[in-house]
Structure formats: C-alpha cells, structure tokens
Amino acid sequence: MEDNWIPGFPPGTFNSILPIPAETSVQFLLAKSLVTWDENLVRSFFADPIAEQILQVPISRFGGDDFLSWPHDKLGTYSVKSGYNLTRSENFFSSTSEKGKGLASNIQVQEKEWKALWSVNCPNKMKIVLWRFVHDCLPTGFQLVRCHIPAEDGCFFCNRTERVEHLFLLCPFARSVWKGVKEEFSVRLCRKDMVNGRQWMFDFLAHASKLQATVVAITLWHIWEARNEHCSKPKPSPRRESSSSTLIWTPPPAGVVAVNVDAALFPSIRRMGMGFVARNHLGKCMFAGNEQLQGFSEPELAEALAIRRALEVCRSEGCLSIVLASDCLSMVNKIKSTAQDRSRVGTVISDIKSLPSGFTRCSFLHVRRGMNVAAHKLAC
Ligand SMILES: [Zn+2]
C-alpha cells in the first residue's frame, strides 16, 4: 500500500477511510476470483475519487509479476525523451516544486513561449491557426472522432491518423510543401525529436529568426487551407480507399470464424460499451454480444477490454479458429508487438496475447471503420 499504485494519487497525499496496515498488499482489495476488484471493499476503504481511479485499473485474468510502470510514456517505459517532455509540462513544476517555488519560473517560461507565438509577424488568421495548432484544437479527423463526431480519422492525403502533428509536419503532402520552403528559406524543422505539436512549435519559435517564424506560420496556414479545400470537394468514392481496399465485409476461409470487435465510450456518463459479432465463411452470424462497463474512459483501454471479452466468449462458444478484426490500429499493433507494454493497457494486452494459446488459429487484423459497423452498432 506504500507503493505508488493509484494513478493520480501518490502515497502520502491521501488517507484511507479505514486504517490499512502499511505492509498490506493490493490483492487484499480483489474479489475472491482475483480477476476483478471487490468494488464494495474498495469503496469502503477509499473516498469516491480514489475508489473510481482504483476501479479503472484493469486486472489481469492470468496474474503475472508486478512491474514498474512509467506513466508518462505510451508503453509505460522510461525514456529520456518522455522525461524531458515531463519537465516541460506545467504539472511537473507545480507538483515537484517545494511549496510551489518552481511555479513562478515555469509561468515565466510559458509567458515567453506564448509571447513568441503572438509576436510572429503574420496576419491574425494565421496566428489563430498557430494558436489552435499548439492547443491541439483544430477539427482534424482525430479530434472529431475523439469528440464522438461522426467522421473518419484518416488523413485526406494518405489515410494515416489525422493528428495535427501528422497533418502539418509528417504527412507526405506536408513534407512535399516543407521541402520547397526549407530550400528557399533555410528553415530547419527538427521533426525527429518532436514529442508533440505544442513542444515542437515552442522549441522552433525559440530558435527561429523573425523571417523563419513568419514563413512557418504562413506555411502552416496554407497546409490547413489546402486540406480544407481538398476535403470539401465531392468525392466519387470513399476517400483514400485504393481499388484493392474494400468497404465490403470479406468472409473468412471455411472453418474459420471472423470476429469483429469494437468499443464505444460515453464520457458524460463515464461508461464504455463493447460489441462483437462472429460470422462464418458464409457470412452467417454464429453469435454476437454487447456489454457495458462503468467507469472506463480511455479509448485504447476500452478497445483492449472489448477484444479480451470477445476472445473469452469465442472460447466459451467453442470457436477456436478465428480471425479477430478491430478498427483500432494502435491496439492491433500493440497486440502484434513483442515489446513489453508496461502501461495500464499492458495488463489487458498481456491477457489478449495469452488467450490464443487455447485456440487452433487466432490472428488479429486491422480493418477500416466502415467494415466494422456491426460491432460498432452493438457497442453503442
Ligand atoms: Zn497524411
């Protein structure tokens, strides 16, 4: 209990409602099966905000050794880059400074960064795009989907996930634009060490000449305009779908069951839904299901929980030769990766990797959202 195991609540910053001996292990709060929390027990020992956090920590179905996890990295593994990024964040200064001593210097740094942004010599409409870029509040595909607005999150130019960093800096389209700009104005973008758009922008402005800052502001604005113009044109076919990719559901080979899985989040009521549908090579539905869980709000964790549940149902239904399809590319990649995932999702991914040992065939496939409609409808 003395370890730092509750996200957002380091030891020493709270007291339990009832006293817990320091040497007590977390297992004490698990149900008898050891695969779920004993919710009543958790709530009887901890105040609501802490109990909510604890109940969101997924428990492995198969146990496993404890491991240290670095919460500031996607895979839970410490890297110098993630440490550097943390020291730049607001919370770091306010939470680590003794009585907030570091806060003042951090505010000064931030003021300087914002001043550099607002003093770029360009029209206001371009400054607003800069500001929205830094705040990550431009309506990119990724942002729209994150806000549950019906949209595709794929880039209009290359179909990779359309985050601001991708659209403005990493997309092949953006790269071709920057190539010309770099040659003309000796602008060095330094995208290699980029942690996120905000940090990249402030680092760039800190070292750029006035002309370079203006050139970058103008270029970003034109990329955004070009993107908007491109996506407003009527398209004869679904965007970025090549002739070989299809939006029609493709049946699996005979003897194999195709299982489509999806998760949906309802942040306002802090609930997630999961849906799955299993079909044979004739397209006939073998079984389908949906479930809802309270308290989960992380998209990736929701996808992982849905996949784990679908695998468990397949096993109990005796479907042991399956192709499992999800439209969450990052999750499919994580399942296929051999790297250890020390993040919160890692526990569930580890379960997902263990489950197929009882199957005769189990492969994981990423499909377009349009091919996952049945599972999505069930999840909602
Ligand atoms: Zn792109």
### Message
Can you compute 3J(HN,Hα) from phi for each residue in the range 364-370, using the Karplus curve 6.51 cos²θ - 1.76 cosθ + 1.60 with θ = phi - 60°, rounded to whole Hz and x for Gly and Pro?
### Response
10, 9, 9, 10, 5, 4, x
### Query
Once Lys and Arg get +1 and Asp and Glu get -1 on their Cβ, which of ASN280, ALA310, CYS328 lies farthest toward the positive end of the dipole of the range 257-379?
ASN280
### Query
So between GLN340 and ALA226, what do we pick up on full extension, going 0.36 nm a residue minus the alpha carbon distance?
37.0 nm
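Where does the chain land at 222 nm, in deg cm²/dmol rounded to the nearest 500, when only DSSP H runs of n ≥ 4 count, each adding -39500 (n - 2.57), divided by all residues?
Estimated from H runs of four or more residues: -12500 deg cm²/dmol.
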## Note on the structure
Once normalised by the length of the range 120-232, the mean sequence separation of its alpha carbon contacts under 8 Å that are 6 or more apart gives a contact order in percent of 33
## Note on the structure
Length-normalised contact order of the chain, Cα under 8 Å, at least 6 apart, in percent, tallies to 15
### Label-to-label distance, nm, for residues given as CYS285 and SER186 (7 Å Cα→Cβ offset)
6.6
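Rounded to the nearest 0.05, what FRET efficiency do TRP5 and SER79 have when you use their Cβ-Cβ distance and R0 = 25 Å?
So the FRET efficiency works out to roughly 0.70.
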### Message
With every atom except the alpha carbons ignored, what do you get for Rg and Dmax of the chain, in angstroms?
### Response
23.9, 68
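If Lys and Arg each add +1 and Asp and Glu each add -1, what is the summed charge of the other residues whose beta carbon sits under 11 Å from the beta carbon of SER354?
+2
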### Task
Taking the Cα centre of the chain as origin, work out the dipole magnitude from +1 charges on Lys and Arg Cβ and -1 charges on Asp and Glu Cβ, in debye rounded to 20.
1340
### Task
Show which aspartates and glutamates lie in cross-link reach of LYS336 when reach means a straight Cα distance below 20 angstrom and same-chain residues fewer than eight apart are skipped.
ASP73, ASP262, GLU300, GLU303, GLU312, ASP327, ASP351
### Query
Between GLU111 and ILE59, what length comes free when the chain is fully extended (0.36 nm per residue of separation minus the Cα-Cα distance, one decimal in nm)?
14.5 nm
### Message
Just to check I understand the Karplus step: with θ = phi - 60° and J = 6.51 cos²θ - 1.76 cosθ + 1.60, what whole-Hz values come out for the range 159-176, glycine and proline as x?
### Response
6, 6, 4, 8, 8, 4, 4, 5, 4, 8, 10, 10, 4, x, 5, 4, 4, 5
### Message
Restricting to Cα pairs below 8 Å that are 6+ residues apart, what does the relative contact order work out to for the range 257-379? Please round to a whole percent.
### Response
34
### Query
Taking θ as phi - 60°, what are the ³J(HN,Hα) couplings along the range 132-137 by the Karplus curve (6.51, -1.76, 1.60), each to the nearest whole Hz, with x for Gly and Pro?
5, 4, 5, 7, 6, 10
### Query
In nanometres, what is the gap between the two model label sites at GLN294 and LYS179, each 7 Å from Cα along Cα-to-Cβ?
5.6
### Query
Hey, how much of the P(r) for the range 120-232 falls beyond 23 Å, as a percent of Cα pairs?
23
### Query
If you wrap a convex hull around the Cα atoms of the range 185-229, how much volume per residue is inside, in Å³?
80
### Message
Just to confirm the filter: which trypsin sites (Lys or Arg not before Pro) across the range 274-312 are DSSP coil and have at most 16 other Cβ within 10 angstrom of their Cβ?
### Response
LYS284
### Task
Taking amide H positions as placed in the peptide plane 1.01 Å from N, state which residues far from THR161 in sequence (5 or more) or on other chains have amide H under 5 Å from it.
CYS155
### Query
What does the range 257-379 give for Rg and for Dmax, in Å, if only its C-alpha atoms count?
13.4, 41
### Task
Provide the FRET efficiency to the nearest 0.05 for the LEU365-LEU211 pair, computing r from the beta carbons and using R0 = 35 Å.
0.10
## Note on the structure
Extension length gain for PHE28 and HIS72 (0.36 nm per residue less Cα distance), in nm, is 13.1 nm
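Only the coordinates and a few stated rules stand behind these numbers; no lab work does. No experiment lies behind these values; they were computed from the predicted model shown. Methodologically, a virtual Cβ is constructed for each residue, glycine included, from the backbone with ideal geometry; neighbour enumeration extends over all protein chains shown.
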